[in-house]
Amino acid sequence: MTSITESTESALAPFNPLNTRVWANGRHQVRCVRVISETRDVKTFCFNAEQPVMFFFKPGQFVTLELEIDGEQVMRSYTISSSPSVPYSFSITVKRVPGGRVSNWLHDNLKEQDELAVHGPVGNFNCIDNPAEKVLLLSGGVGITPLMSMARWYFDTNADVDMAFVHSARTPADVIFQRELEHMCSRVKSFELSVICERTEIGQAWNGYRGYLDLAKLQMIAPDFMNRRIFCCGPTPYMRTIKALLEENGFDMERYHQESFGATPEAVTEEALEQAEIASKEAEEIKDGDMFTVEFTESGMSVQVPPGEMVHVAASRLGINIPKGCGVGICGTCKVMKKSGEVAIQHNGGITDDDLAEGYILSCCSTPLSDVVIEY
């Protein structure tokens, strides 16, 4: 007969610290273990790993999903909505967008036990690197996800942080995480929750704020907002309005942080293609002495590039496909190892200082300053 102690040890064996790995920025294979319908057009997808992984990250950071849709590889970045205080899994929360290729595919196809690869975690927008005793969390729509991760972290760790959480939604039926937010608010004295609904639909009862977040509402909700560190995430028009409101009232913008990313905008993609075409033409006119050589060791190929041409463009001209998600140095998908040479890198949080120190670069936003050797 197996003893209780033996049964317990057997059940916990997979979580033996010696067998458990810690998450680090890179490519990871994960499995979807739960799909939760949050609202009529928002779902949360929960993931864990085959072998136990401690999914540590900074609340507010994001991952990039590597998907295959209609036979084509597609990369898309999503903020982690769960908290690292629940470390053996992580979640993303996705809103179905009319015409949205990836969001619709996830809603219609991703199910429990499906496996996929993710890249990350990365991102400068987080509450660990920007600590404060008093915070104001401002979210619009599905932009609530990074702020929910922060709120969950503060709540789970009993952090001594005064939180004011203001969420804006279209209607009462579109408030994401409403019951959990109300639960946290009911348990913690230093947690103030305010929800603003743009409108109500027939049959909906709503006793909260209506319309849009403006200065009058902000002063009623958080009279001391000028003394708080502010984290903001939502649709571009929402964040633009919030930022303008704060600037007009003399807020110290050093204490304002916002998140904004997603699919590479079409304009950015077109601009990149135009730049590649221009660079190709310029390359024909530039003297050999003004060119730099970019060598790819694993492919055994090299190409000369003119000043200002990205490493990723150089790879593309050789037919080398380096996976890329955002194209603007945010998602970190195109990270490669630079074995030698110098580059100028202009990223937007998609790579850590430790990675840079080890020699990694983001190929989408790195331009050679000398001959460069890339391990790819």
Could you figure out which of (1) more than 19 Å from Met220 (Cβ to Cβ); (2) at pLDDT 95 or above; (3) among the β-branched types (Val, Ile, Thr) isn't true of Val166? (1)
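Taking the stated definitions as given, is Asp129 surrounded by fewer than 17 Cβ atoms within 10 Å (Cβ to Cβ), under 23 Å from Asn348 (Cβ atoms), in contact (Cβ under 8 Å) with a residue 40 or more places away in the chain and outside the structural domain of Trp23 (by TED's automatic domain parsing)?
Details: surrounded by fewer than 17 Cβ atoms within 10 Å (Cβ to Cβ): yes; under 23 Å from Asn348 (Cβ atoms): yes; in contact (Cβ under 8 Å) with a residue 40 or more places away in the chain: yes; outside the structural domain of Trp23 (by TED's automatic domain parsing): yes.
Spelling it out, Asp129 is indeed surrounded by fewer than 17 Cβ atoms within 10 Å (Cβ to Cβ), under 23 Å from Asn348 (Cβ atoms), in contact (Cβ under 8 Å) with a residue 40 or more places away in the chain and outside the structural domain of Trp23 (by TED's automatic domain parsing).
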So which residues in the stretch 202-220 are exposed (fewer than 12 other Cβ atoms within 10 Å of the Cβ) and farther than 14 Å from Val166 by Cβ? Ile202, Gly203, Gln204, Ala205, Asn207
With the structure loaded, tell me whether Glu9 is under 23 Å from Asn124 (Cβ atoms), modelled with pLDDT under 90 and of a type outside the set (Gly, Ala, Ser) or whether it fails that test. no
Limited to the stretch 349-376, what total is found for residues that are touching a residue at least 40 places away in the same chain (Cβ under 8 Å) and in a loop (DSSP other than H, G, I, E, B)? 8
Please go through the stretch 231-249 and give me each residue that is outside any loop (DSSP other than H, G, I, E, B) and either touching a residue at least 40 places away in the same chain (Cβ under 8 Å) or under 22 Å from the mean Cα position of the chain (by Cα) (or both), ordered by number. Phe231, Cys232, Cys233, Thr236, Pro237, Tyr238, Met239, Arg240, Thr241, Ile242, Lys243
If Gln73 satisfies all but one of (1) assigned to a strand (DSSP E or B); (2) exposed (fewer than 14 other Cβ atoms within 10 Å of the Cβ); (3) modelled with pLDDT of 90 or more; (4) not charged (D, E, K, R), what's the number of the condition it fails? (3)
Look through Val336, Val373, Val294, Val311 and report the one residue that is farther than 26 Å from Gln61 by Cα, modelled with pLDDT of 75 or more and touching a helix residue (DSSP H, G or I) at 6+ places or on another chain (Cβ under 6 Å). Val294
Take the residues in the stretch 315-337 that are free of Cβ contacts under 8 Å to residues at least 40 places away in the same chain and of a type in the set (A, V, I, L, M, F, W, C); name whichever of them is surrounded by the most Cβ atoms within 10 Å (Cβ to Cβ). Cys334
Select, from Glu270, Glu282, the only residue that is loosely packed, with under 13 Cβ neighbours inside 10 Å and either modelled with pLDDT under 95 or not β-branched (Val, Ile, Thr) (or both). Glu270
Determine if the stretch 99-106 includes at least one residue that is closer than 24 Å to Val336 by Cβ and out of contact with any Lys or Arg (no Cβ under 7 Å at 6 or more places or on another chain). no
Identify, by number, the condition in (1) of a type in the set (Ser, Thr, Tyr); (2) assigned to a strand (DSSP E or B); (3) modelled with pLDDT under 95 that Thr44 doesn't meet. (3)
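Yes or no, residue by residue, for (1) among the aliphatic types (A, V, I, L, M); (2) modelled with pLDDT under 95; (3) farther than 19 Å from Met239 by Cα:
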position	(1), (2), (3)
Pro87	no, yes, yes
Phe90	no, no, yes
Trp105	no, no, yes
Gly120	no, yes, yes
Asp129	no, yes, yes
Glu133	no, no, yes
Leu137	yes, no, no
Ser149	no, no, no
Ile176	yes, no, no
Selection from the stretch 293-314 of residues over 19 Å from Cys364 (Cβ atoms) and in a loop (DSSP other than H, G, I, E, B) yields Thr297, Gly300
Does the stretch 36-59 hold any residues that are surrounded by fewer than 16 Cβ atoms within 10 Å (Cβ to Cβ) and aliphatic (A, V, I, L, M), and which are they? Ile36, Met54
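Every residue, every condition in (1) in contact with a Phe, Trp or Tyr (Cβ under 8 Å, 6 or more places away or on another chain); (2) within 25 Å of Ile242 (Cα to Cα), yes or no:
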| site | (1), (2) |
| --- | --- |
| Gly26 | no, no |
| Arg34 | yes, no |
| Thr79 | yes, yes |
| Val94 | yes, yes |
| Arg101 | no, no |
| His119 | no, no |
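The values are calculated or read from the model by the stated rules, or taken from the named source; none is laboratory data. Model, not experiment: these values are computed from the prediction. Please note: Cβ atoms are built from the backbone with ideal geometry, for glycine as well, and neighbour counts cover all protein chains shown.
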